[in-house]
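A short write-up of the structure that comes next.
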């Protein structure tokens, strides 16, 4: 798919061509002028035609904010954008699209009931034409049947359709936000082949990610954001290194320390003797054919955090739903303190904050009752709900006008804190938290992490996340799910833990005897395992 | 020339303010569309509105007739609104209305007069009403189960059952239930006094307002209480606004769906009973004349607010009663009333849209237009 | 909170509406007789209501400025009809017509409340001192239409019947009796037990099923389609299939069925003019009017091109005899489907029998649905 071309060949441009898009001193602050969060602080960046640019940073580093400014969703508080050297002011994503800048968001913007061709027509105008759409897809080497409905497409196909939408609008600068989080490893190499080709055709491609090892093959240059600041800008490949990159150095830049979670409040594995086992999972299998997950065994004790990590689509969503009590397993048992799990025994923070964990159109008081209302009594205890909501707001410092505020009016971080506070107020022996910091700003991430650590003092905690850094930072043990099975359990304290987790997530074999914390990534000697076809 | 374009954006407004915007724009739009209908029909627009108001509010008799019309509309409006609050579409209120009337009619025609001694009113009437609620609810049960168990669209199933219900009713009053003294004409015998809903003002000849109106108002209040203040109502509202949240909270979504649709059917069935036991007293052609479908207009005019449903029903009732005067006074065709009802529904839907979104005229700024050119 | 605003707003609107209601228009001082009609459907329904509207127009033309006429369409539901009838009575109309069976109960009720107002109800059987009834002997036209078809040799008629009520039953019977007479006179051989096959529409109008049933009948080799629905669709379907047709109620040829031999028509004009004239003259009584060709209440539409002159002559001759008062449409001997003699030779079916008829004569194939 990627042709015979070596990825490194494009890294050094022939002549110093001017950047197609530049940022100068971009600054964006959320919340009030004092207080609030400085999401981007004087960020500079240059994007060149013909190059794949990887923008690295942890969750909450400000990557999404920066890309939102490039794609017209936010307007910077200060700083300027230059398109081919000329000042550019973007008032909307549509304006950005007219200027040739398009973005594929983590959550796809597709109409599921329509076909691919119809979605294309919606984006680019004109009448839906499956033939024209098929020709377009072929021209860019994107495998897609435009006559099928989006609801029937796999995540990878949907992503290709999103990219095709941008190409149909003649985008010259393509931004992809965490594009690999929804893909199976085999699809990832396909995506990278596509990106390579698009860059070779003279487009600028930006890949926004926090998954360091993944970029090694595809990126021509790398920038690193941390806490809203650009720490490294437009770093080229260094030909001397086996993967082309000093991955350890980049990792240090991203997280600000040698190994994520080595300091701070990461859990030590508790002494097995003292702790009472809370959650006992035996031979658990998910629904579906093939099952979303299978043969999962583990135990979690009071005072322990177990992280379950995996690339989206490898079964951890279904596992979280079963542990949280909203789905039934096909086989196996999950018992809490020896009993079958129910709402009183399990506090569950699902991934979807708006619509699953809360009802957006209801007040906080009503939303508080959502998971804490018992089965007793015919009437709604509105007063009790209000009091409890006020307590939850106070407990984690949620910024809200009061118990009568609507859930939809809260920011993502504040809503997440409210949900956590609600679930913690149940004082359940088990807390299941799923993707707790996705999309949150830096400040909210640290507050949510602190709350989870506090919760782990009293309860057993299962943290389900797609972010290995988060897992290693919070958990005492990290179980990696790959294709629905536990591929391995990693102790964050062990040397090279981060690399091992990354490798297990990608489905690569697990050399238990890994050498000391050397540079890691996809080993060059094993291209077949998760690499290109 | 800088291009001007229309921009739609969500409106940030409080609930009360949104309600006001919605209602006012609904009325303004309905007024506008109605005036257009009048103008196209070639009559003086002002005179037409005056005739409408005269017909609706011109006499104590017409005011009473508005109440007569409103009683079933309140109940079918509640039936539709309840389901819509759960994101269900009960377009079968018409059929449930018919089944309710048939069940009440069965009690009145065959149970109450049978036996050695006819049943007294204090026994027969409540039983007839209960039968109507059961009948209407039972007619909604099949679509409810299909929806809850198999995910079959309740829109189609409830709609199709309307036709079945009307055919079934016709079969009964043309056939087995036909009045033996009716000289071969279709229609049942008159119901006995014992099952009739008493008149509110029996001393006034021609004042047809019956106590079914009070029942409808009480049910509006009860239903509001059920949704706003009870645990079941809370679960139903959660399910309506976010099925995923209901699953997360462990609510029995299927059970709630079935209960709500049957409750809705029971309300529509009571509307049919009210019309039969309070006004028509005989099952015959024209018993179901679109009052179930009009419930959709009422529900949306009330913005699905259960306490506003009676007001919306009165409003639509006034429109329908007043429209008589358009025919007699201005010689407008009878279809004018239907056109006005449609204008009202259209206005209500558009009004709700305008309350939720703001339309702005935007002049593309010079810089942006320049960028676009630059990019291309 | 939200509700309060809503109610306040509604009250303001309500009072605005009340303010807008001016004084009622001054009543005309002239001594015109004020006549009102309550109609079943739209006056453009091409059937029952159109026929009544034609009658109203005829009456207006005849009486000119001696009358003031108003009418209300779409009074389908008895509940609505009651309001409309009572409104007319309250507004001081002298004479109110109810034009369909379901208007009987509401009219009977309102007539009790307004003894000074006169009421006339079409096709029912309840009367009061101030409420009479009227109907036309459509079966006379039916008899002639059947006679015409019989003379032309149609011996396997298919009828798209509507609702199983006495009006329709006696129409089918009269048509069949005329058909048998025509077939006998034209010396056509026929199956005495099956010259007219009935299928039921169970509705007064149903465009889809009217067409479907007519097509089914045509496909089953019926040689003439008898339309009985309000609209001409079954006749039109027959024309499309190249089969002859006879219309009902209004002239089917006028609404596109060019192959129609003729149509039996309701002619309400002379009936209405007669009733209103009696009110003007002060001679109105609560009659139960039942008129045929002799009172101009029934008509035959102009014959189609396919009808031979000789046949037309014979039919018109019979029609002339009917216009003079000789009604042979239900003259004995008449046997029913089972062969039981229902009307003896020399007798005629009584009006009471006709108005509640629920049996078919010999020659009809089909039964009353239960």
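The values are calculated or read from the model by the stated rules, or taken from the named source; none is laboratory data. Bear in mind the structure is a predicted one, so any value in this text is a computation, not a measurement. Cβ coordinates were reconstructed from backbone atoms using ideal geometry, including for glycine residues, and neighbour counts include every protein chain displayed.
Within region C:58-89, the set of residues being touching a strand residue (DSSP E or B) at 6+ places or on another chain (Cβ under 9 Å) and away from chain B (no Cβ under 12 Å) comprises C:59, C:60, C:63, C:66, C:67. Elements of the type helices (runs of 4 or more DSSP H) sitting completely within region A:84-145 and holding at least 2 residues that are touching a residue at least 24 places away in the same chain (Cβ under 8 Å) and more than 19 Å from residue A:206 (Cβ to Cβ): these cover A:116-124, A:130-139. Once region A:318-340 is narrowed to residues that are away from every other protein chain (no Cβ under 14 Å) and in a strand (DSSP E or B), the residue that is surrounded by the fewest Cβ atoms within 10 Å (Cβ to Cβ) is A:339. Within region A:454-495, the set of residues being crowded, with 17+ Cβ neighbours inside 10 Å and in a helix (DSSP H, G or I) comprises A:455, A:456, A:468, A:469, A:470, A:471, A:472, A:473, A:474. In the set (1) surrounded by 24 or more Cβ atoms within 10 Å (Cβ to Cβ); (2) out of contact with any helix residue (DSSP H, G or I) (no Cβ under 8 Å at 6 or more places or on another chain), the condition left unmet by residue C:216 is number (1). Looking at the structure I just gave you, is residue B:140 in contact with a helix residue (DSSP H, G or I) (Cβ under 6 Å, 6 or more places away or on another chain), on the phi < 0 side of the Ramachandran plot and at pLDDT 95 or above? So residue B:140 passes the test. Looking at residue B:344, is it modelled with pLDDT under 90, surrounded by fewer than 22 Cβ atoms within 10 Å (Cβ to Cβ), assigned by TED's automatic domain parsing to the domain that holds residue B:22 and under 16 Å from the mean Cα position of the chain (by Cα)? Criteria not met by residue B:344. Quick check on region A:58-90: of everything there that is at positive phi and more than 14 Å from chain B (Cβ to nearest Cβ), which residue is farthest from the chain's Cα centre (by Cα)? Checked region A:58-90; the qualifying residue farthest from the chain's Cα centre (by Cα) is A:79. Selection of region B:264-299 for residues being under 30 Å from residue B:353 (Cα atoms) and buried (at least 24 other Cβ atoms within 10 Å of the Cβ) yields B:264, B:265, B:267, B:268, B:271, B:291, B:292, B:294, B:295, B:297, B:298, B:299. If you go through region B:240-272 and keep only what is under 11 Å from residue B:86 (Cβ atoms) and modelled with pLDDT under 95, you end up with B:240, B:241, B:243, B:246, B:253. Filtering region C:281-322 to residues that are surrounded by fewer than 18 Cβ atoms within 10 Å (Cβ to Cβ), under 16 Å from residue C:131 (Cα atoms) and touching a residue at least 60 places away in the same chain (Cβ under 8 Å) leaves C:285, C:286, C:287, C:288, C:289, C:290. Only one entry of A:413, A:361, A:385 meets the criterion of being within 11 Å of chain B (Cβ to nearest Cβ) and in a helix (DSSP H, G or I), and that entry is A:385.
Collect the residues in region B:311-331 that are over 30 Å from residue C:69 (Cβ atoms) and within 10 Å of another protein chain (Cβ to nearest Cβ), keeping them in residue-number order. Those that are over 30 Å from residue C:69 (Cβ atoms) and within 10 Å of another protein chain (Cβ to nearest Cβ): B:311, B:312, B:314, B:315. Residue count for region C:324-370 satisfying the condition of being within 14 Å of another protein chain (Cβ to nearest Cβ) and modelled with pLDDT of 95 or more: 1. Quick check: is even one residue across region C:238-249 assigned to a loop (DSSP other than H, G, I, E, B) and either touching a helix residue (DSSP H, G or I) at 6+ places or on another chain (Cβ under 7 Å) or closer than 21 Å to residue C:315 by Cα (or both)? Yes, because at least one residue in region C:238-249 is assigned to a loop (DSSP other than H, G, I, E, B) and either touching a helix residue (DSSP H, G or I) at 6+ places or on another chain (Cβ under 7 Å) or closer than 21 Å to residue C:315 by Cα (or both). Quick check: anything in region B:282-289 in a helix (DSSP H, G or I) and either touching a helix residue (DSSP H, G or I) at 6+ places or on another chain (Cβ under 9 Å) or within 19 Å of residue B:135 (Cα to Cα) (or both)? No: zero hits. Only one of the numbered conditions (1) on the phi > 0 side of the Ramachandran plot; (2) more than 8 Å from every other protein chain (Cβ to nearest Cβ) is not met by residue B:306, and that is (1). Among the criteria (1) at pLDDT 85 or above; (2) within 13 Å of chain B (Cβ to nearest Cβ); (3) in contact with a helix residue (DSSP H, G or I) (Cβ under 9 Å, 6 or more places away or on another chain), the one residue A:402 does not fulfil is (2).
One line per residue, one yes/no per condition, for (1) without any contact (Cβ under 8 Å) to a residue 12 or more places away in the chain; (2) closer than 22 Å to residue B:221 by Cβ; (3) in a helix (DSSP H, G or I):
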{"position": "B:84", "(1), (2), (3)": "no, yes, yes"}
{"position": "B:95", "(1), (2), (3)": "no, no, yes"}
{"position": "B:99", "(1), (2), (3)": "no, no, yes"}
{"position": "B:109", "(1), (2), (3)": "no, no, yes"}
{"position": "B:118", "(1), (2), (3)": "no, no, no"}
{"position": "B:124", "(1), (2), (3)": "no, no, yes"}
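Go through C:110, C:157 for me and flag whichever is crowded, with 24+ Cβ neighbours inside 10 Å, at the interface with chain B (Cβ under 9 Å from one of its Cβ atoms) and at pLDDT 95 or above. When all the criteria are applied, what remains is C:110. Evaluating residue B:110 against the criteria (1) touching a helix residue (DSSP H, G or I) at 6+ places or on another chain (Cβ under 6 Å); (2) more than 18 Å from residue B:325 (Cα to Cα) leaves one unmet condition, (1). Counting the residues of region B:332-364 that are facing chain C (nearest Cβ under 8 Å) and in contact (Cβ under 8 Å) with a residue 24 or more places away in the chain gives 1. Just one of the listed residues (B:251, B:173) is in contact (Cβ under 8 Å) with a residue 12 or more places away in the chain and either out of contact with any helix residue (DSSP H, G or I) (no Cβ under 9 Å at 6 or more places or on another chain) or closer than 21 Å to residue B:93 by Cβ (or both), and it is B:173. Checking each residue in region B:27-77 for being more than 11 Å from chain C (Cβ to nearest Cβ) and closer than 30 Å to residue B:96 by Cα picks out B:30, B:67, B:70, B:73, B:74, B:75, B:76, B:77.
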